[in-house]
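Below: the structure, in structure tokens.
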Amino acid sequence: ASTTPPEFPVARARRDGASRPARATEESSSLPELARRAMLAAFAPASVLIDRKRRLVYLHGALRQYLDFPSGELTSDLLALALPGLRARLRVAIQAAVDTGEHVEMLAPRVQRGEESVAVLVSVHPLRADEGSAPHFLVSF
């Protein structure tokens, strides 16, 4: 009997909006891991994990709709990357989550995306790995 798990054609989003099948790889050949990755790609919002100084720690999803990644010197400051109209609300939401330790949601009503202006809901969730660890914040768009 073969120990290779079957490959299921689960669609996974790409940066350009197209989709392609998610496949088990040698690094991650278990079906539960394949399912976890497919669910994250399909259902998790674009998000960043930041430290308390708003420095990027981890990125997930289609962030170009919310952040600008210009050429040149790399920055890890989330606010420096935020699109016009998002930066001020993002700063307030993060600071509120830092101050209260609570989940904060805030609407940025006019975020510039090219020629159009759209409303964006920002969600900030405080996270701690354990009791003594430094706080981090999951920012979702």
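The values are calculated or read from the model by the stated rules, or taken from the named source; none is laboratory data. Just so it is clear, the structure is predicted and the values come from calculations on it, not from any experiment. Note that we place each Cβ from the backbone using ideal geometry, even for glycine, and neighbour counts take in every protein chain shown. Ligands, DNA and RNA are stripped out before the accessible areas are found, and what is left, the full protein with its side chains, is counted by its heavy atoms. Shrake-Rupley method; radii C 1.70, N 1.55, O 1.52, S 1.80 Å.
Given the range 1-115, what strands (runs of 3 or more DSSP E) lie entirely inside it while holding 1 or more residues that are at pLDDT 85 or above and not aliphatic (A, V, I, L, M)? It would help to see each step written out before you state the result.
Details: elements: 10-13, 19-22, 47-51, 56-60, 104-113.
Where strands (runs of 3 or more DSSP E) fall fully within the range 1-115 and carry at least 1 residues being at pLDDT 85 or above and not aliphatic (A, V, I, L, M), they are 47-51, 56-60, 104-113.
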Exercise. Would you please name the residue that is surrounded by the most Cβ atoms within 10 Å (Cβ to Cβ), looking only at residues in the range 66-86 that are closer than 16 Å to residue 123 by Cβ and without any contact (Cβ under 8 Å) to a residue 24 or more places away in the chain?
Key: 82
Exercise. Could you give me the residue pairs with C-beta distances under 9 Å whose first residue belongs to the range 116-133 and is within 17 Å of residue 93 (Cβ to Cβ), whose second residue is aliphatic (A, V, I, L, M) and part of a loop (DSSP other than H, G, I, E, B) wherever it lies, and which are 6+ apart or on separate chains?
Key: 120/83; 120/86; 122/86
Self-check item: Any chance residue 63 is within 12 Å of the chain's Cα centre (by Cα) and open to solvent by 20 Å² or more (accessible area, probe 1.4 Å)
Solution: no
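Considering only residues of the range 34-48 that are surrounded by fewer than 16 Cβ atoms within 10 Å (Cβ to Cβ) and within 27 Å of residue 133 (Cα to Cα), which is nearest to the chain's Cα centre (by Cα)?
First, pick out the residues of the range 34-48 that are surrounded by fewer than 16 Cβ atoms within 10 Å (Cβ to Cβ): 35-36, 39-40, 42-45.
Next, only the ones that are within 27 Å of residue 133 (Cα to Cα) stay: 36, 40, 44-45.
On the way: 36: 16, 40: 10, 44: 8, 45: 6 Å.
Going through the qualifying residues, I end up with 45.
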